[in-house]
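Accompanying notes for the structure given below.
The values are calculated or read from the model by the stated rules, or taken from the named source; none is laboratory data. Being a predicted model, the structure only gives us computed values, none of them experimental. Cβ atoms come from the backbone with ideal geometry, glycine included; neighbour counts cover every protein chain shown. These accessible areas exclude ligands, DNA and RNA; they are computed on the full protein's heavy atoms, side chains included. Shrake-Rupley method; radii C 1.70, N 1.55, O 1.52, S 1.80 Å.
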Amino acid sequence: MGIRTGDQYIRGLRSRQPEIWLQGRKVTNVCEEAVFRQPIHEIAKLYDMQHDEKYQEKITHICQETGERVNNAFLVAKTPEELQAKRAVYEAYAKATFGLMGRTPDFLNIVLTSLYSNASFLERYNPQWAENAKNYYKVVRDQDLFLTHAIINPQNDRSKSSHEQSDVYTHLGAVEETPEGLIVKGAKMLATLAPITDEVIIYSFPGFQPGDERYALAFAIPIDTPGLRIICREPMQDGIRSVYDHPLASRFEEMDALLVFHDVLVPWERLFLYNNVEAANLLYPKTGIGQQPAHQTGVRGLLKLQFATEVAMRLADSIGVDVYPNVQNNLGELAQSLESLRALLRTAELEYETLPSGELMPGYVQLETIRGLLPKLYPRAIEVIQIIGAGGLLMSPTDSDLEHPELVADMEKFYAGRVGISGTDRVRLFKLAWDLCGEAFGQRLLQYERYYTGDPVRKLAIFYNNYKKFHACTMVDDALSVFAAKTR
Ligand SMILES: Cc1cc2nc3c(=O)[nH]c(=O)nc-3n(C[C@H](O)[C@H](O)[C@H](O)COP(=O)(O)OP(=O)(O)OC[C@H]3O[C@@H](n4cnc5c(N)ncnc54)[C@H](O)[C@@H]3O)c2cc1C
Ligand SMILES: O=C(O)Cc1ccc(O)c(O)c1
């Protein structure tokens, strides 16, 4: 089949009946549920972009194996041009969502592509796992499926490993093998967008201990597999608030969910790893499923930071405070953060690594630096918006007030900004800013940037330990050589 349209994506959702729990009730028709309607529409638009002549050549290609047109996220890049072709889809999707939707379909498509191109890692442990991963990549590519993922254990007792939790099946683990497949039980988090996806893939960060064998798992199943329960967090928008009052929150809310598996059957052909602690610990670092998606998240993060920076600049301009050096300093800082990330991303693409298979991997140091900086730079951008917007962020009336005949004159006089910025213009801009920096929606976006790639504290420590391996500190040796000369 190849690339789907938005309509085909929605028809796919309608054809399934996953067990979704939302605010204490089961959702029977996800497409008609107010909370999900707009996010479904936003994802559908991304699918439609694949058919739009403005984007098609940039973000899709003809698959050599099938002759069908597929998304560029499924490319195994062997040339810098192919790396750029992949970037084009990350950029197009992130622009369409202002970088506010983190788990658009391209993200997991890259994870799968990397698993496919590095399936030799799995082959060493079990050739069937490798075969399964390669076949699954083709299924997702050719049916253009939308995946969610859950790679973290529920937050019960982090000081204990999976097998030490109070119940054997608190964390997701294997129960028994059957002729049809593996029965699994327990929970996994934090599956962003789960209710509006087609399938879920489960894998894990390293950190398995001896004794954790049953939890060492990687597999993918349809989101409506019997026994799989999706428990949504409280929505951050009700789906009926006005687009004018909440221009971002009303559109880009990504639902997060806990996945609970109640004796779920994973067919053998969908199992990529099982019962092997060593393989589970090496899966993430050795298959590129960490590094390749960092290219997508880097592009998306850059655009989100650009959006926040532009909002801050426009706010300052709209009320005439950008004449003050302190405001200019804050904005200058954001501009420099943004440009540093842009340069890092560019360098990551230029200083790629070529794997023995010929696959190109964008630069590790640069991508990890972006991953390390975003959890600091994005919250700072939000803080600057709050500081510049100040009390004005709390003064916005609703769109109904703006349009009420008795209020119109007051609105235009007292809510206007500097000369040239009408009351309506200023209120709409400040509402947009408040969605980003004040609303529960905006707080989630902040939390997302802190944790979207794992715990930043441990990630930075891992980065440093890797960095040390290939950074020999030879300048210090050169400087110390002066003593050697003296003793000679
Ligand atoms: C908005 C959002 C969307 C997300 N979407 C997804 C998704 O789609 N799929 C998915 O799988 N995951 C997703 N995640 C989960 C994300 O991977 C985790 O939040 C992240 O890995 C951190 O894990 P945690 O939240 O369990 O925090 P914890 O690991 O519980 O950490 C809590 C605190 O304790 C500290 N801490 C814990 N353990 C240690 C340790 N061993 N050493 C030192 N300090 C420690 C941490 O530094 C942190 O301050 C999402 C998270 C957010 C916030
Ligand atoms: O960024 C990665 O490499 C993988 C990853 C880590 C943490 C997450 O929450 C997530 O969704 C994906």
Checklist entry - So which pairs qualify, if the first residue must be in segment 282-301 and among the basic types (K, R), the second must be within 14 Å of ligand 1 (Cβ to nearest atom), the Cβ gap must be under 6 Å, and the two must be at least 6 apart or on different chains? => result R300/G99
Next on the checklist: If I go through segment 9-20 residue by residue, how many of them are assigned to a helix (DSSP H, G or I) and open to solvent by less than 60 Å² (accessible area, probe 1.4 Å)?
Outcome noted: 4
Checklist entry - Where in segment 414-488 are there helices (runs of 4 or more DSSP H), lying wholly inside it, with at least 2 residues that are more than 30 Å from D238 (Cβ to Cβ) and either free of Cβ contacts under 8 Å to residues at least 60 places away in the same chain or within 12 Å of ligand 1 (Cβ to nearest atom) (or both)? => result 456-470, 474-487
Next on the checklist: Please verify whether D256 is more than 16 Å from ligand 2 (Cβ to nearest atom), open to solvent by 10 Å² or more (accessible area, probe 1.4 Å) and charged (D, E, K, R), treating the condition exactly as stated.
Outcome noted: no
Checklist entry - Is it the case that segment 348-359 has a residue that's modelled with pLDDT of 95 or more, part of a helix (DSSP H, G or I) and surrounded by 15 or more Cβ atoms within 10 Å (Cβ to Cβ)? => result yes
Next on the checklist: For a quick check of your reading: which helices (runs of 4 or more DSSP H) sit entirely within segment 38-129 and have at least 2 residues that are more than 22 Å from M1 (Cα to Cα) and open to solvent by less than 50 Å² (accessible area, probe 1.4 Å)?
Outcome noted: 80-96, 120-125
Checklist outcome for this item: Scanning segment 389-413 residue by residue, those of a type in the set (D, E) and either in a helix (DSSP H, G or I) or crowded, with 21+ Cβ neighbours inside 10 Å (or both) turn out to be D399, D401, E403, D410, E412
Next on the checklist: Filter segment 175-191 down to the residues that are open to solvent by 10 Å² or more (accessible area, probe 1.4 Å) and not hydrophobic (A, V, I, L, M, F, W, C) and list them by number.
Outcome noted: E176, E177, T178, P179, E180, K185
Next on the checklist: Just the residues that are open to solvent by 40 Å² or more (accessible area, probe 1.4 Å) and at pLDDT 95 or above, please, taken from segment 230-250.
Outcome noted: I231, R233, E234
Checklist entry - Are any of the residues in segment 102-111 within 12 Å of ligand 1 (Cβ to nearest atom), aliphatic (A, V, I, L, M) and out of contact with any Lys or Arg (no Cβ under 9 Å at 6 or more places or on another chain)? => result yes
Checklist entry - Does A416 count as surrounded by fewer than 17 Cβ atoms within 10 Å (Cβ to Cβ), of a type outside the set (F, W, Y), farther than 25 Å from L460 by Cβ and modelled with pLDDT of 95 or more? => result no
Checklist entry - Quick one: is T474 away from ligand 2 (no atom under 16 Å from the Cβ) and under 26 Å from T369 (Cα atoms)? => result yes
Checklist entry - Has segment 293-314 got any residue that is within 16 Å of ligand 1 (Cβ to nearest atom), open to solvent by less than 40 Å² (accessible area, probe 1.4 Å), in contact with a strand residue (DSSP E or B) (Cβ under 7 Å, 6 or more places away or on another chain) and among the small types (G, A, S)? => result no
Item to check | Identity of the residue in segment 208-229, under 23 Å from A130 (Cβ atoms) and among the small types (G, A, S), that ends up surrounded by the fewest Cβ atoms within 10 Å (Cβ to Cβ) | outcome: A216
Checklist entry - Which pairs have Cβ atoms under 8 Å, sit 6 or more apart or on different chains, and link a residue in segment 321-340 that is touching a residue at least 40 places away in the same chain (Cβ under 8 Å) to one that is assigned to a helix (DSSP H, G or I) and small (G, A, S)? => result V327/A316; N330/A312; L331/A312; L331/A316; L334/A308; L334/A312; L334/A381; S337/A381
